[in-house]
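Colleague: First the structure, then my questions, so here it is.
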Amino acid sequence: MRQATGALPRALALALIALAALLLPSRAGAEEPVRLWHAYRGVELEVLEALAGEFAAEEGVVVDTLAVPYDAFAAKLSSAIPLGQGPDLFIDAHERLGDYRERGLVAPVGDAIEDPYAFTENARAAVRLVDADDGEALWAVPIAQKSLALYYNTDLVQGPPETLEAIADVAANLPQGTYALAYEARSAYGHAPLLTGFGGFLLADDGSFGFHGAPAVRSLELARWLASTGLVPEDADGALVTSLFSAGRAAYAISGPWLAADLEGDAGPRVPYAVAPLPKLAATGAPMRPLLTVEAVMLSPRGAARPIVRALARRLASAAAAERRQTIAHSLSARRDVPAPRGDAVLAAFAAQAELAIPMPTDPAMRATWEPAHRAIRKVLRGDATPTEATEAARRQFDDVRRPPPPATSPTPALLTLGVMLLAGALLLLRRARDPAARAALRRSLPAYAYVIHAVIAVGVLVIAPLLVGAATSLFAGRPDSGAYVGLGNFVEILSARGGPLLSSGSFYVVTLVTVLWTAVNVLLHLAIGISVGLLLARPATRLRGLYRVILILPWAVPSYVTALAWRGMFHRQFGAVTGLIEACNELLGTSIEPIAWFARFSTAFTANVATNVWLGFPFMMVVTMGALTSIPRDVLEAAEVDGAGRFARLRHVTLPMIRPSLVPAITLGAIWTFNMFNVVFLVSGGEPDGSTDILVSEAYRWAFTRGSQYGYAAAYAVLIFLLLSGVTRLTGFGRGEGGR
Amino acid sequence: MVAVEIRGLEKRFGETLVLRGVDLEIPDGAFAVLVGPSGCGKSTLLRLIAGLEEATAGSIRFGGREVTTLAPRERDIAMVFQSYALYPHLSVRDNLAFGLKMRGEAKATIARRVDEVAKMLGLGELLDRKPAALSGGQRQRVAMGRAIARRPALFLFDEPLSNLDAALRAQVRVDIRRQHDRLHATSVYVTHDQVEAMTLADVMFVLNRGRVEQRGTPAEVYRRPATQFVAGFLGSPAMNFLEGVLEPGDEGLVARAVTGDDGGSLQVPLPAEGLDAPLAAGGRVTIGVRPHDVRPAAQGEAPHLTCAASLVELLGPELQIHARVGEAPITLCTPADRAIARGERLRLCVDRVHLFDPSSGVSLW
């Protein structure tokens, strides 16, 4: 054993030398490579690679481009850049600038922009940030811009309508089943043009909530009118807009450049269409103005200090580059000196629209406007609340999310306690170490430690360390604007429902109740269905049971988010499979069942979630049951048969009690999985209506990722979930060895 | 208590005919033993009687009641399984009570019967234990108790002793017989162990290849085996078989083993009467000699069997001698009071020989 313990440091040293040998030559290069991150794919990626390649060849520098998924961009940047590992420059949407600046991920671009007036006014405004002492600077180099515009099907209509309300005139002449207009009614982004048409905005300049008051109310009334008159489809999201318009089932559509890409078939567009700027509102006479997103090159603080990086940013935003992007990738230039190519009417329309668009605010508070605005819009469209009620509730929710973090407290008491505990632990260890018997025992078990050390390290790094870091995070405000230590402040806020009524919607207690109900209902159904099917499939008399087994295990094999998305589609009020079934039933049987708006009420939304999760979860219980059944000796069942037990009595008195020991751990696992089943809740109901079907994990997710990155608060939720689960499993006895015989 | 009557019972598993027309009748209150080698169909026959398998053809009647197609619980039977098949999740008490509960007996009746049975079988101490906490013998008793508590019309035993060690087996065997003598319930007991069969049975059925080869009391079957198979199956050590011919002797026929020159001979005079079939000189027969049916020839007496002992084993009260007559190995048993050395030339008289038809195996005498 002495040899083995000696071998470990030697191996470590060798590994270090090998690592150094690998790393050293790359350090020896003349100019450090320029690292560029982006989220491009397809043609846009080709153009970028070509531009970067040319630049690299001319300047004699290595340019490393790395595609990072758009959703992961912010998280990767904020973990890499502070460690000096991230990109020198990256391409992202301008609305994240405020957040990035708050976290110190970007720096002003300096001479990367030589002439600000080469860019359109909107693009310039988008990347201009005001700092604390009212100074202004440009924080990114605009390269492209995107906004919504009006598509119209030239087979169905002549041209754009005079006003939005005028589409009602068109509707009468449209074929059955065709909508006058498809727009993303359920999202605040899709609703924004209506709001701006009434002179409203989502976020005020001072960072307060803008989606309330007369413009918001009037815009919601208009949206409700559009939906209730059947001019627009209900509950439309981006995918539905695309599918309706590309199937020729919508005369007009409000969508972005991505719809043009989707309409492109192998031989020309799938429907004949044209694009125009959004129309005016008849009510105000003002144009509808969509939100503008400017794609821009941003420089990390380290990158901004390097002339070569700034030169690359200049090159990427140059007129020549913009022209190539426009002609090859059809992405709209952000420069005044690069007009839309002659003959590209679509791009010209988007350019005209971009002039009229409103750049998305860069204030980090903007991210906190979406969720309250979404909820308000959906409530009004469902008819659950008047526009005034809904927007006022949205404002309260926004203010709740943007409330100041708990007061910073001194970490001294906590550190003191930790110190005392560590000291006590150390003393205890010291006493153990002095005890000769303990030392002898330790020496004897040294070889055993050598065998488990890798597992201990793995578990420590992969399980225990993240757990401790997560728990520690919950003691900090953990917001982009404040990382102060707040002690148990987050917990106090959660447990006191942030000062509101304890049983108000979205409070910890209500969400916990929903979570418990969710878990109980799911596990019961998993058990009932899983055991029944398992029993049926275990019967030797069942024909083709191998086939059934495979088919029934399939739900389990499909990734749960795929299932969740499929079920979400099936529950769509107008276009879902469930509604299709109801309609078929009405047609065949002459019944008159109304299609159900599944996500309009808690009961139906909850049912939809449960149905999805039951479909996902019962195969696990089924497999456990089938496994457990094989362990029941045949003659015990025969003994029961001879003893006079019928089929049901055998099941109740022999089979079920005998598979119980195998089912107990499965039930515990199933309960924990269900308790934390984020995918289904987030993707099927998405918390609708009004966040009432959210469970603890999806609520925690929202605090971390959709409500202004309140990581500390979300971590406190996670700690509470952990405590709840470990407490309950302890109480029910699993883990104390009672799960077995 | 019922009598059991089975007619023309057949059972087929796929292509395999496991029972090929079994007829048997068990008198009311008798202890019947079905015995035979593995694969003879005895367990299948028992499971058919229990109703755990469906008959392909034939009929089963309990005391005149046709039960062939009835479910087990409609037959009023109790069964003791080879593995005991106790309910592992139930205490001994609940195991004993299970059958009564399933039949909807009153709680007081159940408690009384369980106590009775527990006392009868000495299970009192164990009533609250789970089967996992019992020894093999205790489990066996619980399985018995579970059957007895039910007071069925018919007891079925499927090799109930085969999981016990030898000492316990002998003891439990006696217990089972005692219980039967006390309860007088008709019992059907399946075993491949001839000692159990011989000691327990009132009436014994020897099964071979899906047929009843012979029935009768153990003594009858042992003394007058109907076929060479039965003769070879019962008795320990097994009966010796030698190829032989019938020759005319001084006072009638003589059966003589066909041997080479290399030592050992068998020559037994046959009585003139009592033969199963008319025998004629010159006929070929299989001669059967039970190891215990020999004794040393007295002075001046002509020996029937001569051979050289190739191996002698002392089994306490007797010697077991291995020898050859011609090519055929034989085993013989003699009282241990006279020592026999290895290689010693033996001169023995045979008190009883059995003769079988060499082709059909049917007993000739």
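Colleague: Dividing the convex hull volume of the alpha carbon atoms of the protein assembly as shown by its residue count, what do you get in Å³ per residue?
Modeller: Working: hull volume 364.6 nm³, N = 1106.
Value for the protein assembly as shown: 330 Å³ per residue.
Colleague: Here's a follow-up. I'd like to know how region A:269-390 sits against the 2.2 N^0.38 Å rule of thumb: what's its Cα Rg over that expected value? Don't skip to the end; give the middle numbers.
Modeller: Values: Rg = 19.5 Å, N = 122, 2.2 N^0.38 = 13.7 Å.
Computed over Cα atoms of region A:269-390, the ratio equals 1.43.
Colleague: Another one. Could you list which residues have their amide H under 5 Å from that of A:VAL34, counting only those 5 or more apart in sequence or on another chain, with H placed in the peptide plane?
Modeller: Under 5 Å from the amide H of A:VAL34: A:VAL62, A:VAL63, A:ASP64.
Colleague: Please work out the FRET efficiency for the pair A:GLU162 and A:GLU323, using the Cβ-Cβ distance as r and a Förster radius of 45 Å; give the result to the nearest 0.05.
Modeller: Values: r = 35 Å, r/R0 = 0.77.
Computed FRET efficiency for A:GLU162 and A:GLU323 comes out at 0.85.
Colleague: Let me test this: with uniform point scatterers at the alpha carbons of region B:175-247, what is the Debye-based log₁₀ I(q)/I(0) at q = 0.15, 0.18, 0.20, 0.21 1/Å?
Modeller: -0.56, -0.75, -0.88, -0.95
Colleague: Which listed residue (A:ALA251, A:ALA286, A:LEU299) has the Cα farthest towards the positive end of the charge dipole for region A:238-299, taking +1 on Lys and Arg C-beta and -1 on Asp and Glu C-beta about the Cα centre?
Modeller: Of the options given, the answer is A:ALA286.
Colleague: Under 19 Å from a label point 7 Å along Cα→Cβ of A:LEU524: give me every residue in region A:601-623 with its amide N that close.
Modeller: A:602-619, A:621-622
Colleague: Something else now. Relative contact order (percent) for region B:257-365, with alpha-carbon contacts under 8 angstrom and 6 or more residues of separation? Before the final figure, lay out the partial values.
Modeller: Values: 207 pairs, mean separation 38.3, N = 109.
35 percent.
Colleague: To continue, here is another question. How many percent of all Cα-Cα pairs in chain B sit more than 37 Å apart?
Modeller: Details: 22869 of 66430 pairs.
It works out to 34 percent of all Cα pairs.
Colleague: Then there is this: Can you give me the Kirkwood hydrodynamic radius for region B:126-266, using every pair of distinct Cα atoms, in Å to one decimal?
Modeller: On the way: mean 1/r = 0.0543 Å⁻¹.
Result for region B:126-266, one decimal place: 18.4 Å.
Colleague: What nm distance separates the two modelled labels at A:THR732 and A:ILE551, each placed 7 Å from Cα along Cα→Cβ?
Modeller: Result: 3.1 nm between the two label points.
Colleague: Can you bin region A:499-634 into rounded, prolate or oblate? Criterion: square roots of the alpha carbon gyration tensor eigenvalues sorted a ≥ b ≥ c, rounded for a/c under 1.5, prolate for a/b above b/c, oblate for the rest. All intermediate terms of the calculation are to be shown ahead of the outcome.
Modeller: Numbers: a/c = 2.54, a/b = 1.31, b/c = 1.94.
Taking the square roots of the gyration eigenvalues as a ≥ b ≥ c, region A:499-634 is oblate.
Colleague: Where Rh denotes the Kirkwood radius from the mean inverse Cα pair distance, what is Rg over Rh for region B:200-301?
Modeller: Details: Rg = 15.8 Å, Rh = 15.6 Å.
On the Cα set of region B:200-301, Rg over Rh gives 1.01.
Colleague: At 0.36 nm per residue, and after removing the present C-alpha to C-alpha distance, how many nm does the segment from A:LEU415 to A:LEU669 gain when stretched out fully? Can you show the working numbers first?
Modeller: Working: separation 254, 0.36 × 254 = 91.44 nm, distance 3.58 nm.
Length difference between fully extended and current span is 87.9 nm.
Colleague: Right, something else. Angle, helix B:107-121 long axis vs. longest principal axis of chain B, Cα atoms, 0 to 90°, nearest 10?
Modeller: Once rounded, one gets 30 degrees.
Colleague: Using modelled backbone amide H atoms (1.01 Å from N, in-plane), which distant-in-sequence or interchain residues come within less than 5 Å of A:SER255's amide H?
Modeller: A:ALA149, A:TYR151
Colleague: Which of rounded, prolate or oblate describes region A:55-130 when judged by the alpha-carbon gyration tensor and an a/c cut-off of 1.5? Intermediate values should be presented prior to the final figure.
Modeller: Details: a/c = 1.84, a/b = 1.10, b/c = 1.67.
Oblate shape, in that a/c is at least 1.5 and b/c is the bigger or equal ratio.
Colleague: In addition: With contacts defined as alpha carbon pairs under 8 Å and 6 or more residues apart, what's the relative contact order of region A:488-596 in percent? Present the calculation step by step, with values, prior to reporting the outcome.
Modeller: Numbers: 47 pairs, mean separation 9.6, N = 109.
Once normalised by length, the contact order is 9 percent.
Colleague: Over all distinct alpha-carbon pairs, what is the Kirkwood Rh of region A:492-568 in angstrom?
Modeller: 15.9
Colleague: Over the Cα atoms of region A:534-589, what Rg and Dmax result, in angstrom?
Modeller: 16.2, 44
Colleague: Work out the charge dipole of chain B with +1 on the Cβ of Lys and Arg and -1 on the Cβ of Asp and Glu about the Cα centre, then indicate which of B:MET120, B:GLN194, B:ASN95 is farthest towards its positive end.
Modeller: B:ASN95
Colleague: What lysines could a cross-link reach from B:LYS101, if we take a straight Cα to Cα line under 24 Å and drop same-chain neighbours fewer than 8 places away?
Modeller: Cα-Cα hits under 24 Å: B:LYS119, B:LYS130.
Colleague: Let me ask something else. Could you work out how far apart the two model spin labels at A:GLU46 and A:ILE457 are, taking each label as a point 7 Å from the Cα in the direction of the beta carbon, and quote it in nm?
Modeller: Here the answer is 4.7 nm between the modelled labels.
Colleague: Taking the alpha-carbon centroid of each part, what is the distance from region A:572-605 to region A:253-271 in angstrom?
Modeller: One Cα centre to the other: 31 Å.
Colleague: Taking a ≥ b ≥ c as the square roots of the eigenvalues of the Cα gyration tensor of region B:1-69, is the shape rounded (a/c under 1.5), prolate (a/b larger than b/c) or oblate? Working shown, then result.
Modeller: Numbers: a/c = 2.16, a/b = 1.39, b/c = 1.55.
Here region B:1-69 falls in the oblate category.
Colleague: So which lysines can A:LYS280 reach, going by Cα to Cα under 22 Å and dropping same-chain residues fewer than 8 places off?
Modeller: Result set, ordered by chain and number: A:LYS146.
Colleague: Could you tell me how far the Cα centroid of region A:297-318 sits from the Cα centroid of region B:1-56, in Å?
Modeller: 94
Colleague: To make sure I understand the rule: partners must be aspartates and glutamates, Cα under 16 Å from the Cα of B:LYS11, and not fewer than 8 residues away in the same chain. Which ones qualify?
Modeller: Straight-distance partners of B:LYS11: B:ASP23, B:GLU53, B:GLU54.
Colleague: Separate question: With the dipole of the protein assembly as shown worked out from charges on the C-beta (+1 for Lys and Arg, -1 for Asp and Glu) around the Cα centre, which of A:ALA321, A:ILE91, A:ALA311 lies farthest toward the positive end?
Modeller: Result: A:ILE91, furthest along the dipole toward the positive end.
Colleague: If you put +1 on each Lys and Arg Cβ and -1 on each Asp and Glu Cβ, how big is the dipole of region A:412-532 around its Cα centre, in Debye rounded to 20?
Modeller: On the way: 8 positive and 3 negative charges, 141 e Å.
So the dipole magnitude of region A:412-532 works out to roughly 680 debye.
Colleague: If you average 1/r across every pair of different Cα atoms in region A:147-304 and take the reciprocal, what Kirkwood value do you get, in Å? Working shown, then result.
Modeller: Details: mean 1/r = 0.0608 Å⁻¹.
About 16.4 Å for region A:147-304.
Colleague: Measuring from a point 7 Å past the Cα of B:ILE340 along Cα-to-C-beta, which residues in region B:211-251 have an amide N at less than 17 Å?
Modeller: Residues B:236-242 qualify, since their backbone N sits under 17 Å from the label point.
Colleague: Using a basic spin-label model with each label point 7 Å from the Cα along Cα→Cβ, how many nm lie between B:SER135 and A:LEU428?
Modeller: 4.5
Colleague: If you look at just the Cα atoms of region A:595-694, how large are its Rg and its Dmax in Å?
Modeller: Gyration radius and largest Cα-Cα distance of region A:595-694: 19.0, 58 Å.
Colleague: Debye sum, Cα scatterers, region A:134-186, no solvent: what log₁₀ I/I(0) at q = 0.28 1/Å?
Modeller: At q = 0.28 Å⁻¹ the computed log10 ratios are -1.29.
Colleague: Then there is this: Please get the size of the charge dipole for region B:1-123, origin at its Cα centre, with Cβ charges of +1 on Lys and Arg and -1 on Asp and Glu, quoted in debye to the nearest 20. If you can, show how the numbers build up before the last one.
Modeller: On the way: 17 positive and 15 negative charges, 71 e Å.
Using Cβ point charges on Lys, Arg, Asp and Glu, region B:1-123 gives about 340 debye.
Colleague: Using the scaling law 2.2 N^0.38 Å as the reference, what is the normalised Cα Rg of region A:333-389? Working shown, then result.
Modeller: On the way: Rg = 17.9 Å, N = 57, 2.2 N^0.38 = 10.2 Å.
Output field value: 1.75.
Colleague: Sequence-distant or interchain residues sharing an amide H contact under 5 Å with B:VAL2, placed H: which?
Modeller: Result for B:VAL2 returns B:GLY29, B:THR186.
Colleague: Here is a further query. Under the 0.36 nm per residue contour assumption, what length would be gained going from the current alpha-carbon distance of B:LEU127 and B:GLU220 to full extension? Display every interim value, and only then the final one.
Modeller: Values: separation 93, 0.36 × 93 = 33.48 nm, distance 4.26 nm.
Once the chain is fully extended between B:LEU127 and B:GLU220, it gains 29.2 nm.
Colleague: With charges only on Cβ, +1 for K and R and -1 for D and E, what is the dipole size of region A:592-720 about its Cα centre, in debye, rounded to 20? Let's see the in-between values first.
Modeller: Details: 8 positive and 9 negative charges, 27 e Å.
That gives a dipole near 120 debye.
Colleague: Quick one: P(r) of region A:592-647 from all Cα-Cα pairs, 5 Å bins, percents rounded to integers, in order of increasing distance.
Modeller: Going out from 0 Å in 5 Å bins, region A:592-647 shows 4, 15, 11, 11, 12, 9, 9, 9, 8, 7, 5, 0 percent.
Colleague: Below 8 Å between Cα atoms, with a sequence gap of 6+, how large is the relative contact order for chain A in percent?
Modeller: Working: 1103 pairs, mean separation 100.7, N = 741.
Dividing the mean separation by the residue count of chain A yields 14 percent.
Colleague: In what order do A:CYS585, B:CYS307 fall by count of nearby beta-carbon atoms within 10 Å, going from fewest to most? Don't jump to the answer; show the numbers that get you there.
Modeller: Details: A:CYS585 13, B:CYS307 24.
Neighbour counts put them in this order, fewest first: A:CYS585, B:CYS307.
Colleague: If region B:34-145 were replaced by its equivalent ellipsoid, with semi-axes equal to the square roots of 5 times the Cα gyration tensor eigenvalues, what would those be, largest first, whole Å? It would help to have the intermediate numbers written out before the result.
Modeller: Numbers: eigenvalues 169, 69, 24 Å².
Taking √(5λ) for each eigenvalue gives 29, 19, 11 Å, largest first.
None of the figures in this text is laboratory data; all of them are computed from the coordinates on show. In this text, all values refer to a predicted model and were calculated from it rather than measured experimentally. FYI the Cβ positions are ideal-geometry reconstructions off the backbone, even for glycines, and counts take in every protein chain you see.
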